[in-house]
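Trainee: This structure is in structure tokens; I'll ask about it shortly.
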Amino acid sequence: MKKNNPVFAFFASVKLALLILFLLATTSIIGTIIPQKESYQWYVQNYNESTANLFQVLSIPDMYNSWWFLGLLGLLSINLIVCSIDRFPGVWKQITADNLSTKISRIRKMRLSRNWDSAEDKTITTSVLKQKLGQKGWQVEERERDDDTLLFAQKGALTRTGVYIVHASILVIFLGAIVGEITGFKGSVMLPETKATDSIFTFDTRESIHLGFEVLCNRFDIEFYDSGMPKAYKSHLSVFENGKHILDKEIVVNDPLTYKGITFYQSSYQAYEQFLLTVTDLESKKTETVILPFQQQQTLTDLEGVRIGIVNAEAMGQTITNMKVWFDDGEGAASTFWLNAGNQATVERSGKKYSVAGKQMYATGLQVAKDPGVWIVYIGCGMMILGLFIAFFMSHRRIWILIGRQNETTTVILTGSANKNKNGFEETFYTLADTLAPDEEK
């Protein structure tokens, strides 16, 4: 009935699968060449207005979420499901077939065959063959067929399911993507040093999403090449929930922070025209960190009488490399000194010593993602690797041994077949035959 149904036959067609895969590959090239998720004006400036309008109609700027691209993926899913429903029952029938009921005439005509005679009784020969096969990892079934005994053994029957495991893996990957799209989010936040946030903004809608906990940027460090180009940068983050410190993590590119399924990736940075200074009284061990605008004084609250400011600075591009610090604790004339960015200096004031560390202030740019479907996708990828390995490197191997009695002699016919890698199985078959046959027959 299914085969006579034109709709079912259409969706089960291999030609349809090939066409869909071709269209997906072709359109993916378009999505790679044409930049995604730019503004309408960007497409007008880089192409022209009519082309930009066409792009909007076809959803080219967000192609992978377009109705037609998702439609192709949906059509592929239907094709895989219907194709599997159509073909899998026949494959399962082969897996579970009663191979001991195979026609004797067919066994005798198989291409791979080895015959020999044995002087032993049929019962003894059968027992010896079953023992030898068992030693080689073949589990033997036995049945009497008229006056003969038929043995059957197989390996890798379930390898016939390899292609259907691949089909299922694609559907599982699609399911993971759907779960991630519906229940997850992707966004970003620019977090200044010493500041914390409990929300981020999505990429598409700029909607604010509450995280349920706070992320604090304790410090941002950056290294530069001699040319002034950034070499490496990292953020020192802390997580707080309900006022309780949970964890600390130093993140760099490709080494993110993950908490409660939400991952923070190091993606960018922003330099400010402000300075981050930390002053420590080396005697009382009191310390205070302040944010200072350029050429402005600030009185510290924890260190009585201490005022500090940045009166001059040297820069390479937008990066401050040295700063001139003005320091006063109310005891005598104020001190001025140069301080390399990221380093610290000791200031001696009327018997007191202070440690001053300073650097330019930065904000760390974090990409934030929550994707509950990622583990489903990983499972699907694992299934695909397993299915491809089974489909390409494993086969269903079967052997039959027909044992009869003729003219006071026991006759043995060994035959076999494999659904794939027939040349490889042929070598295995004749090696097994040499193992089973009596020494005088080898």
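The values are calculated or read from the model by the stated rules, or taken from the named source; none is laboratory data. Keep in mind that this is a model prediction, so the values were computed, not measured. For neighbour counting, all protein chains shown are included, and Cβ atoms are generated from backbone atoms with ideal geometry for every residue, glycine included.
Trainee: How many residues does the range 1-43 contain that are among the basic types (Lys, Arg) and under 13 Å from VAL82 (Cβ atoms)?
Mentor: Qualifying residue count for the region: 2.
Trainee: Determine if the range 256-269 includes at least one residue that is farther than 28 Å from LYS234 by Cβ and in contact with a strand residue (DSSP E or B) (Cβ under 6 Å, 6 or more places away or on another chain).
Mentor: no
Trainee: Can I ask one more? Among what's in the range 31-62 and is of a type in the set (S, T, N, Q) and under 21 Å from PHE203 (Cβ atoms), pick the residue that is nearest to the chain's Cα centre (by Cα).
Mentor: Of everything passing the filter in the range 31-62, THR32 is nearest to the chain's Cα centre (by Cα).
Trainee: Among the residues of the range 135-150, which ones are acidic (Asp, Glu), surrounded by 13 or more Cβ atoms within 10 Å (Cβ to Cβ) and in contact (Cβ under 8 Å) with a residue 60 or more places away in the chain?
Mentor: Answer for the range 135-150, where residues must be acidic (Asp, Glu), surrounded by 13 or more Cβ atoms within 10 Å (Cβ to Cβ) and in contact (Cβ under 8 Å) with a residue 60 or more places away in the chain: just ASP148.
Trainee: Same structure, new question: Look at the range 14-36 and say how many of its residues are of a type outside the set (S, T, N, Q) and not in a helix (DSSP H, G or I).
Mentor: 2
Trainee: How many residues does the range 284-310 hold that are surrounded by fewer than 14 Cβ atoms within 10 Å (Cβ to Cβ) and assigned to a strand (DSSP E or B)?
Mentor: The qualifying residues number 1.
Trainee: Right, another one. Please count how many residues of the range 238-274 are outside any strand (DSSP E or B) and of a type in the set (A, V, I, L, M, F, W, C).
Mentor: Matching residues across the range 238-274 total 1.
Trainee: Of the residues that make up the range 346-367, is at least one of a type outside the set (A, V, I, L, M), loosely packed, with under 14 Cβ neighbours inside 10 Å, closer than 30 Å to PHE224 by Cα and out of contact with any Cys (no Cβ under 7 Å at 6 or more places or on another chain)?
Mentor: Yes - at least one qualifying residue is present in the range 346-367.
Trainee: Considering each of SER66, SER59 in turn, give the residue that is at positive phi and hydroxyl-bearing (Ser, Thr, Tyr).
Mentor: So the residue among SER66, SER59 that is at positive phi and hydroxyl-bearing (Ser, Thr, Tyr) is SER59.
Trainee: Show the residue pairs that are 6+ apart or on different chains and have beta-carbon atoms under 7 Å apart, the first residue being within the range 184-207 and touching a residue at least 40 places away in the same chain (Cβ under 8 Å), the second being of a type in the set (D, E, K, R).
Mentor: Within 7 Å, the pairs are GLY184/LYS370; GLY184/ASP371; PHE185/LYS370; GLU193/ARG219; ALA196/GLU214; PHE203/LYS186.
Trainee: Consider the range 1-13. How many of its residues are in a loop (DSSP other than H, G, I, E, B) and surrounded by 13 or more Cβ atoms within 10 Å (Cβ to Cβ)?
Mentor: Of the residues in that region, 2 qualify.
Trainee: Something else: Would you call VAL82 in a helix (DSSP H, G or I), touching a helix residue (DSSP H, G or I) at 6+ places or on another chain (Cβ under 9 Å), surrounded by 15 or more Cβ atoms within 10 Å (Cβ to Cβ) and at pLDDT below 95?
Mentor: The answer is yes for VAL82.
Trainee: Residue pairs, Cβ under 8 Å, 6 or more apart or interchain, first in the range 351-365 and among the charged types (D, E, K, R), second surrounded by fewer than 17 Cβ atoms within 10 Å (Cβ to Cβ) and part of a strand (DSSP E or B). List them.
Mentor: LYS353/THR346
Trainee: Given the criteria buried (at least 16 other Cβ atoms within 10 Å of the Cβ) and more than 28 Å from PHE69 (Cβ to Cβ), does ALA271 qualify?
Mentor: In short, yes.
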